[in-house]
Amino acid sequence: MEFKMKTGNAAKIVFLTIFCLLVTFLGTITFFVYFFNYGMNDETGRNLSGVFPGFGLEKLIGRSGTIVLEQDDKTALAVKETSSALVGIFRKKNFEEKEIFSLIDYYDLSNEAAEGLAVTNDGWIIAGGNLGTEENLKNNFVVITRERKIYPIEGAILDKEIGIYFIRIAARDLSVRGFAENSEISEGRTVLGVNWKNFIFISNISKSSDSETYFSSDDNAGKITLSRSIDKTFFNSFIFGLSGNVAGFINSKGEVYRPENLSSALKGILKYGVLKHPYLGVNYIDLENVAGFMLKQGAVISAISEAPAVAKGGPAASAGLREGDIIVYFDGTELNQENKLADLVKRHVPGDSVEIEYWRGKEKKTAVVILGEE
């Protein structure tokens, strides 16, 4: 009788142990599924999944025996590649030999004034933040790479429209990132936020361009809307596609500018040595936001309030374009939801020759335009 009771108790203990382990396992799986589907959100709904250093994606990707993320290999590789191209911008220090070490005498890599991204291997950096004038940036700041190499700033150019600096340092063989192709920043695409402190967030593009009806061909390229709100930790930093290329710039207000704004300005600087934006000189209605017209897509050249349809003496006027013309192709690319006229213009620099196909009434015509300087 005593043996049977002991056997019964042992069976109960084994059963309870297995039950507790099963509950723990299911609870863990439920947490991670929720975490990656919904992110870490506070009571306001802000996404905080990348705010805590050393927690989240960088620890979970590739960990044997835990969760396997969809596209985890691409995501892990993109994080690694983008992180290597990030740099920190720090207030300049004057080093002096001292007997006792004090962190205040050196660069604390967790206390950057701003962060940047290397975009050419010969020393061009793009960076956001409030760093003052170009002269102030040059005289009072340095750039530090992931390898902890310290570079003085040789020159800087500020694009005030989007609030970004183009910084030149005397470096060679920098790890760099390029700019994403249009297909990488279409709606539904996954993007990553990675910053200098190695905080990470993952989101999707819910809208890849502005949804207004009236536009200027010479506006900044449109903004991107993400499916999740962006924590302030990532303001003045960059988002990347799974290729590792730059998919946008997050400004100081949390707005995400398309990469054409950055690439166009950089191309102009590399070609002319100064900041120059391309100029076409038309206002237009985007047919993507119009129903009932015979064409589903294109740009109808049209006046906006007091602004004329075609700027007098501008490149478009010189090429013979006029009010009512419907542009359907720009430099061989068809205008559609993913290819807005203003975005296509921003892929060029002043002086570029582009071919425009358009409808004038029932006649399809072609014009060659030499882009001017805004």
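Below is a table of values for the structure above.
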{"read-out": "Cα gyration tensor shape for segment 50-272, rounded if a/c is under 1.5, else prolate or oblate", "value": "oblate"}
{"read-out": "Column: log10 I(q)/I(0), Debye, Cα scatterers of segment 278-373, q = 0.15 Å⁻¹", "value": "-0.52"}
{"read-out": "Sequence of ASP219, ASP159 once ranked by neighbouring C-beta atoms within 10 Å, starting from the fewest", "value": "ASP219, ASP159"}
{"read-out": "Ranked packing of 239-249, 121-131, 303-313, most packed first, by mean Cβ within 10 Å", "value": "239-249, 121-131, 303-313"}
{"read-out": "Sequence of ILE150, ILE250 once ranked by neighbouring C-beta atoms within 10 Å, starting from the fewest", "value": "ILE150, ILE250"}
{"read-out": "Estimated vicinal HN-Hα couplings, Hz - segment 157-173 in sequence order (Karplus 6.51, -1.76, 1.60; Gly, Pro = x)", "value": "10, 9, 8, 5, 4, 10, x, 9, 9, 10, 10, 10, 10, 8, 10, 10, 6"}
{"read-out": "Interchain or long-range residues, amide H under 5 Å from GLY222's placed H", "value": "ASP210, ASP343"}
{"read-out": "In sequence order, calculated HN-Hα J values of segment 183-188 (Karplus, 6.51, -1.76, 1.60; Hz; x Gly/Pro)", "value": "5, 7, 10, 7, 4, x"}
{"read-out": "Proxy reagent accessibility, fewest Cβ within 10 Å first, across SER175, SER252", "value": "SER252, SER175"}
{"read-out": "Over 27 Å between alpha carbons, listed pairs LYS197/LYS346; LYS312/LYS346; LYS223/LYS362; LYS149/LYS223; LYS80/LYS138", "value": "LYS197/LYS346; LYS223/LYS362; LYS149/LYS223; LYS80/LYS138"}
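We did not get these values from a lab; they are worked out from the coordinates using the rules stated. Just so it is clear, the model here is predicted, and its values are computed rather than measured. Here Cβ is always computed from backbone atoms with ideal geometry, including for glycine, and neighbour counts include all displayed protein chains.
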